[in-house]
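This report concerns only the one structure given below.
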Amino acid sequence: MSEDTSRSVTVRRTATGRYTATNPRGGTIAFGTGEGTGFTPVELLLAAIGGCTAADVDVATSRHTEPAGFTVTVSGHKVTDDDGNRLTDLAVRFHVAFPDGAPGDRARAILPRAVAVSHDRLCTVSRTIEAGTPVTVSIEDGPAGDGPAGDGPVQDGAAGGRPVQDGSAGDGPVQDGPAGDGPVVDGLIVDGPGGR
């Protein structure tokens, strides 16, 4: 029997600048464009990196003892350049303490290797980022569905919709945006907050 490798979430708009992501198991997380204390998409990406590697390291070390403290801090710089918006200088910092005694000593001894193996082989999120995995985008015809994540197949990046290629928002001309907001493609400012 082969393993199901498919992973998906569905993101729905709940209000202006507010969204909810739902996984196939029914779990949800709300986020937005940076108003109030809610997470932004960029912060969720940082959390995904930290959460993925934290889970790997926690599984390895907690076999020996529960940590006295376990925090992972993930940071980066959001830049806009000729390639568009992106994060640079991503850094993951572990702050882990174990209790005194033989179990804590064993956990401390394997901590560096657990962190290295997570970074080099196990953490799907950071490995995907480091590999530079392409992202295919399409615009699907028809109304937005209310079904679970993964409602339908996407074939050749278009699924019967209008494919979006090379980071453009369509086939229209690129024009300068108002008041220095950046270039506009098909009426969309494409150099705006970009996930904050």
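The values are calculated or read from the model by the stated rules, or taken from the named source; none is laboratory data. Not measured: the values here are computed from a predicted model. Note that each Cβ is placed from the backbone with ideal geometry, even for glycine, and that neighbours are counted across all protein chains shown.
See the values below:
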| read-out | value |
| --- | --- |
| Any chance residue 71 is of a type in the set (S, T, N, Q), within 23 Å of residue 124 (Cβ to Cβ), at pLDDT 95 or above and part of a helix (DSSP H, G or I) | no |
| Any pair with Cβ under 7 angstrom, 6 or more apart, that starts in the range 117-130 at a residue that is assigned by TED's automatic domain parsing to the domain that holds residue 89 and ends at one that is β-branched (Val, Ile, Thr) | 118/53; 118/57; 119/53; 123/53; 125/49; 126/49; 126/53 |
| Filter result (over 22 Å from residue 128 (Cα atoms) and without any contact (Cβ under 8 Å) to a residue 60 or more places away in the chain) within the range 3-25 | 13, 14, 15, 16, 17, 18, 19, 20, 25 |
| Pair list, Cβ < 6 Å and 6+ apart or interchain, from the range 70-84 residues that are among the hydroxyl-bearing types (Ser, Thr, Tyr) to residues that are assigned to a strand (DSSP E or B) | 71/95; 73/93; 75/91 |
| Single unsatisfied condition, residue 29 versus (1) in a helix (DSSP H, G or I); (2) touching a strand residue (DSSP E or B) at 6+ places or on another chain (Cβ under 8 Å) | (1) |
| Leading residue by the ranking (farthest from residue 73 (Cα to Cα)) among those in the range 34-49 that are assigned to a helix (DSSP H, G or I) and in contact with a Lys or Arg (Cβ under 9 Å, 6 or more places away or on another chain) | 41 |
| Pick from the range 75-97, criterion under 18 Å from residue 117 (Cβ atoms) and either hydrophobic (A, V, I, L, M, F, W, C) or in contact with a helix residue (DSSP H, G or I) (Cβ under 6 Å, 6 or more places away or on another chain) (or both), ranking: surrounded by the fewest Cβ atoms within 10 Å (Cβ to Cβ) | 94 |
| Answer residue from the range 27-39, given it is in contact (Cβ under 8 Å) with a residue 12 or more places away in the chain and surrounded by fewer than 18 Cβ atoms within 10 Å (Cβ to Cβ) and is nearest to residue 125 (Cα to Cα) among those | 29 |
